Amino acid sequence: MIQQKVGAVLVVGGGIAGIQAALDLADTGFFVYLVERRGAIGGTMAQLDKTFPGNECSM
Amino acid sequence: MKHRFRIIAFACHWCAYAAADLAGTARMAYPASVRIIRVLCSSMVHPHLVLEAFQRGADGVLVMGCREGECHYLDGNLRAKDRLSALEDMLETMGIESERFRLVWCSSAEAERFTQACVEMEQTLASLG
Amino acid sequence: MNIELLTLTDVEQVEGEIGRFRVKLRQRPRYVNMDRCMACGECARVCPQEVADAFNGGITTRKAIYLRYPQAVPLKYQIDPQRCLKIQSGTCGACEKVCQAQAINWEDRERSWTVDVGSIILAPGFQPFDPRGIRTWGYGIFPNVITSMELECYLSTAGPTQGRLIRPSDGGPVRKIAFVQCVGSRDENNCGHGYCSAVCCMSALKEAMLAKEVGGDVDVAVFFLDMRTPGKDFERYYEKARRRGIRFNRCRVHSLEPVGDCQRLYFRYITNEGRPARETFDLVVLSLGMETNADARGLAERSGLQLNEDGFLDTSSFQPVATERPGIYACGVYTGPKDIPGSVVEASAAAMAAAGHLAEVRNSLVRSVEFPQERDVAHEEARVGVFVCCCGSNIAGVIDVEEVAEYAKHLPHVVHVETSLFACSQDTQEWIRRRIEQLGLNRLVVAACSPRSHEPLFRETLKNAGLNEYLFEMANIRNQASWVHAHAPREATDKAKDLVRMAVAKVVLAEPLPPVQANVNPTVLVIGGGVAGMTAALGMADQGYPVHLVEKSSQLGGNARHLYRTWKGEAIPEFVESLVERVKAHPYISIYLRSQVVKAEGFLGNFRSTIRKGNSPLILDHGVAIVAVGATAYKPQEYGYAESQRVLTALEFDKLHAVGDERVAKGRSFVFIQCVGSREPERPYCSRVCCTHSIQAAIELKEEDPSREITILYRDIRTYGLREKLYKKAREMGVVFINYDMHDKPSVRLGPNELYVQVTDHVLHMPLSIRADVVILATAIVPHPDVKDLAQVYRIPINEDGFFQEAHAKLRPVDFAGEGLFLAGLAHYPKPLDETIAQAMAAVAQATRVLSIRRKDVDAIKAYVVEDKCDGCGLCLDVCPFGAIDWDPKSGGGEGTKLVRINAILCKGCGSCQATCPKDGVRVAGFTYHQLMEQVRSCFAA
């Protein structure tokens, strides 16, 4: 069992919601594991808009 | 015959430049006469740059910015339009047909609009001779 | 850098508790080494296996080795093991042979490991409903019945038809399109989903408009039950679609049948008047709803969470992203169907909640990179190194890179040139770094791909070599030459030379740019003491930021003081009371009641706002502001409101109902009139909350006494998302719903002790008179008068309806374009309490992000003043879109000595000033007039 609190967050799902949450956390001092079951993030929004801006989810 | 012309395209980093990248990814051929100069916004293009291009031998100049309402800097594209539209008269008085200069608005997804603008400019230049 | 992206990965098991979870992850093999793959695409070109591409709704094909989409992140190929010949049968292996990066790894195996985290956020998303096999719609049987996702592909210029609309059956022209709404939603018989998917009306409108744009005179009809456009600017779009000639047909779908040769379809339906009707179409588009996928179900199970009967996670309205398990949060469609801005808002809210209880371990695990001391090269002669990339064969297959390299050697200031197979690979980065040090290079040009993809990478390399990162330029000889002039290698090579020459000309003039650092005051100003403002204030204060909370009235609570129950039935007064107590007791929150902001100056990090409390002004310094001034209720003139004590607004009715007033307690017949003041020409927006609110009140009245007669007169019932359940329940309880038309509104006649409501019955086509004891008007939510004042004070935009305008409707829903300013609650748009709270939490997340930049550098591409050239004409002041330029006070020595100065924090580097300046008195670093001019000149200097 871990004793201390851990300054990392697991985000499950690499769609627009998961990406947003991951960026918010990473920018404010937390280490983020962004887990996506497919081979690339972007979720459904990437399918709707073929120009899903890479810079929105770039690290 | 196509390489006879030389076209300078000032392309906004956020839209037209991205559209040109996408045209590349999609292997969409367009005239090899086009040379792109990346700018951060179409409103960055000083009229002198356009004039200089013509003086140095450009056959056509394109200034390409974001679609209306999509400017990364609020309304830089409109400022570019205001500023550069005035160039047309000046070009005519210098003996340069105003058709050789064109403002084009396209989004980062519109690779076809980008290539189309290049093709159209070449056609225009061909018809002007 | 502080996000570890784990693709092809699933959560296996979640152990532990809030603050200390141990999560077991399992990653499936990709068979492509991510460190080596450069996404050149050779592998996919030679792969013999064509597979239907699910990304494009199966209407295009991909290979067994593929990118999910061209802009995929990470931009690395993957192998579909089910389809790969090598993996399935040991044959082929063509990709391995052509991969010059040697990235194919047949030995890749599944791996499992555990990670320790303090919080978990679940955002597994949804899948579109699959209409296959359901007779009514004929999908999968008739080729000309397609889904909305497929239409999205057909309409895309990058799609299989280059954006042209054709009949899938024979490629024939499409003259008539029907959109069928609620496929997979609001339909328990056909699809088992009673809920509304909340997004399909708007997406159908968007696609219908696009189809009109693409198809010219194509006839478009939308068949719907209720048109649900309750979001910001949605109703205007609906009106626009009507004016554009799109037909809207309220009906129930009966069936689809082929016409003769199957190229067209009969669409059979039951009209709003109850009559059967039929029309012929070339293309029928099914507007697919959303449903939970198997992955989301499994995730809930493995996380120890319970999904509701619809497959979504129930959350409290007051804690909209918290699950039943502390420390685990959910957002997006997992908590119920919602659109993109709604998902983005919840995601930020979840981030805030996830960070909230980890404040003491913030920054404990983040990594930062140390760079060597920067070499001062300002006074050195330019020594340019040029690296020409082959990009596997992507460039070298067309362009003669050796010729380009040889040519570059003779360009002025170039002291070193070499070619590389992949300039972007890890080992090449290290190689370039060593070359810079060994040869004393002080400028770098990489002729490769787009700066949009790899500029950050090479800048990093410069920093690692002790050079300023801005002494760099890329020549995009792949996207702009080899890829687009593949059939003209000679021209492509010549063009590449030109591009290299132009890049060298520009980089020679590049100057090292010092980092721009923002000094940020950590204090937060929150304007508005309603639920949004209080939630925001608490969120910031809990993280240790001092908060000034300014409220105009004499008490905290705002509009929520008039509300009783959320749509889920939770009691609002107790919640508001406890919120007020927590705000009052918080040591970091200073409350200013009866106070208003009257003046503000400054910018992100350093605002100075003046508030007036009574007659005394007070100055507050702060780094960011969250604007949450709420909204007010429309005061009706219509329906006898002014004349009768029995015609009430919804809020008045709630109060009388709560206190047991006899008009309500003894009332036998109640009529609700919807859209009072909303969706009118002078107020063309939907107030979003009123349908749910009226239906909820109707249910309560029925629950108290089932014999009461309750009628709801509506234009469209907009119980979006899971709220649809309430609508269904009300109908089952016997609440009567009568649809009325905008052009044939109901009227109210006053009797001595009762009221008579006249309305046209659309089924019988006859006027109907309903006797009512009480008439309840569902009145509009209208913008607060303070919105206009604050818009002026902070120079923030308002939309046509008078609500604040966010920076980006989808991706930045709580930010203003002007940095450091955020918004939440009704001031943004009418919304229910749960959405208000989520938005306030999201504003906290975004404000926290901005306040964290104290430690960070901002992009140094900014305008600067050349003091010996600026003559103070001031033309640039007018053209700056960000108000970043003003007069330099230290130059105020009278006529002609004035200089401008630039606020580097506000400046975004657009260069509008540079293009306006007649004297070269202002320049954008990295894109100076001279640099651009040199590029132009060098273009013709071959």
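Might you report the magnitude of the Cβ-based charge dipole of the range C:814-883 about its Cα centre, with Lys and Arg at +1 and Asp and Glu at -1, to the nearest 20 debye?
Values: 7 positive and 10 negative charges, 68 e Å.
In debye, rounded to 20, the range C:814-883 gives about 320.
For C:Arg434, the solvent-accessible surface with a 1.4 Å probe is about 100 Å², rounded to the nearest 10.
Can you tell me which lysines have their Cα less than 18 Å from the Cα of C:Lys338? Leave out same-chain residues fewer than eight positions away. Reachable lysines: C:Lys206, C:Lys232, C:Lys568, C:Lys725, C:Lys810, C:Lys831. Dividing the Cα radius of gyration of the range B:7-128 by its Kirkwood radius returns 0.95 for Rg/Rh.
What chymotrypsin sites (Phe, Trp or Tyr not before Pro) in the range C:746-847 are in a loop by DSSP, with at most 14 other Cβ atoms within 10 Å of the Cβ? Please report the intermediate quantities before stating the final value.
Details: sites: C:Tyr756, C:Tyr794, C:Phe803, C:Phe804, C:Phe816, C:Phe822; in loops: C:Phe803, C:Phe816.
When the chymotrypsin sites (Phe, Trp or Tyr not before Pro) of the range C:746-847 are filtered for loop state and at most 14 Cβ neighbours within 10 Å, nothing remains.
Taking a straight Cα-Cα cut-off under 18 Å and skipping sequence neighbours fewer than 8 places away in the same chain, the lysines within cross-link reach of C:Lys497 are B:Lys2, C:Lys409, C:Lys506.
Kirkwood Rh over alpha-carbon pairs of the range C:29-109, then Stokes-Einstein at 25 °C and 0.890 mPa s: what D in µm² s⁻¹, rounded to an integer?
Details: Rh = 12.6 Å.
Translational D for this selection: 195 µm²/s.
In sequence order, the range B:70-79 has phi-based couplings of 10, 4, 5, 10, 6, 9, x, 4, 5, 5 Hz under the Karplus curve 6.51 cos²θ - 1.76 cosθ + 1.60, θ = phi - 60°, and Gly or Pro positions carry x. Taking every protein chain into account, the 1.4 Å probe leaves C:Met933 with about 10 Å² of accessible area, to the nearest ten. Between the amide H of C:Ile104 and those of C:Asn33, distances stay under 5 Å, these residues lying 5 or more places away or on another chain, with hydrogens modeled in the peptide plane. Here's the list of aspartates and glutamates a cross-link from C:Lys86 could span, going by alpha-carbon distance under 12 Å and ignoring same-chain residues fewer than 8 apart: C:Glu96, C:Glu107.
Working value for the range C:520-608: equivalent-ellipsoid semi-axes of 25, 14, 11 Å, each the square root of 5 times a Cα gyration tensor eigenvalue, largest first. Its Cα gyration tensor gives the range C:634-781 an equivalent ellipsoid, and the semi-axes of that ellipsoid, as √(5λ) in whole Å with the largest first, are 20, 19, 16. Buried area at the B:C interface is about 4000 square angstrom, summed over both chains, from accessible surfaces computed with a 1.4 angstrom probe.
In whole percent, and with a 1.4 Å probe on the protein chains, what portion of the accessible area of the range A:1-43 is carbon and sulfur?
Numbers: 460 of 1010 Å².
So the carbon and sulfur contribution to the accessible surface is 46 percent.
Which whole-percent values make up P(r) of the range C:384-511 when all C-alpha to C-alpha distances are grouped in 10 Å steps starting at zero? Spelled out per bin, shortest first, that is 15, 50, 31, 4, 0.
When nucleic acids and ligands are ignored and a 1.4 Å probe is applied, C:Arg30 ends up with an accessible area of around 10 Å².
Above 57 angstrom, tally the Cα pairs of the protein assembly as shown and express them as a % of all pairs, no decimals.
Values: 110366 of 637885 pairs.
Counting every Cα pair in the protein assembly as shown, those more than 57 Å apart make up 17 percent.
For the range C:66-129, trypsin sites (Lys or Arg not before Pro) meeting the loop criterion (DSSP other than H, G, I, E, B) and having at most 11 other Cβ atoms within 10 Å: C:Arg109. Expressed as a whole percent, the accessible area of the range C:318-375 that falls on carbon and sulfur atoms is 52 (1.4 Å probe). Report summary: the helix-based calculation at 222 nm, which adds -39500 (n - 2.57) for every DSSP H run with n ≥ 4 and divides by the residues of chain C, gives -8000 deg cm²/dmol.
Comparing each chain alone with all protein chains together (probe 1.4 Å, DNA, RNA and ligands left out), the residues of the range C:59-97 losing at least 40 Å² of accessible area are C:Arg68, C:Tyr69, C:Gln71, C:Val73.
What total accessible surface area, summed over both chains, is buried at the interface between chains A and C, computed with a 1.4 Å probe and given in Å² to the nearest 100? Between A and C, the summed buried area is about 5700 Å². On the principal axes of its alpha-carbon atoms, chain C has extents of 100, 80, 58 Å, going from largest to smallest.
What is chain C's relative contact order, in percent, from Cα pairs under 8 angstrom and six or more apart in sequence?
Numbers: 1998 pairs, mean separation 98.4, N = 942.
Relative contact order, chain C: 10 percent.
Treating each Cα of the range C:790-942 as an identical point scatterer and ignoring solvent, apply the Debye formula and state log10 I(q)/I(0) at q = 0.13 Å⁻¹. After summing over all Cα pairs, the log10 values are -0.77. Estimated from helices alone, the mean residue ellipticity of chain B at 222 nm is -13000 deg cm²/dmol (sum of -39500 (n - 2.57) over DSSP H runs with n ≥ 4, per residue). Pair-distance distribution P(r) for the range C:777-846, from all Cα-Cα distances in 10 Å bins starting at 0: 21, 54, 23, 3 percent.
Which number comes out as Rg/Rh for the range C:77-178 once both Rg and the Kirkwood Rh are worked out on C-alpha atoms?
Working: Rg = 21.3 Å, Rh = 18.9 Å.
Reported Rg/Rh (Cα atoms, Kirkwood Rh): 1.13.
The values are calculated or read from the model by the stated rules, or taken from the named source; none is laboratory data. What you see is a predicted model, and the numbers here were worked out from it, not measured in a lab. Cβ coordinates were reconstructed from backbone atoms using ideal geometry, including for glycine residues, and neighbour counts include every protein chain displayed. Areas reflect the complete protein model, heavy atoms only, side chains present, ligands, DNA and RNA absent. Shrake-Rupley method; radii C 1.70, N 1.55, O 1.52, S 1.80 Å.
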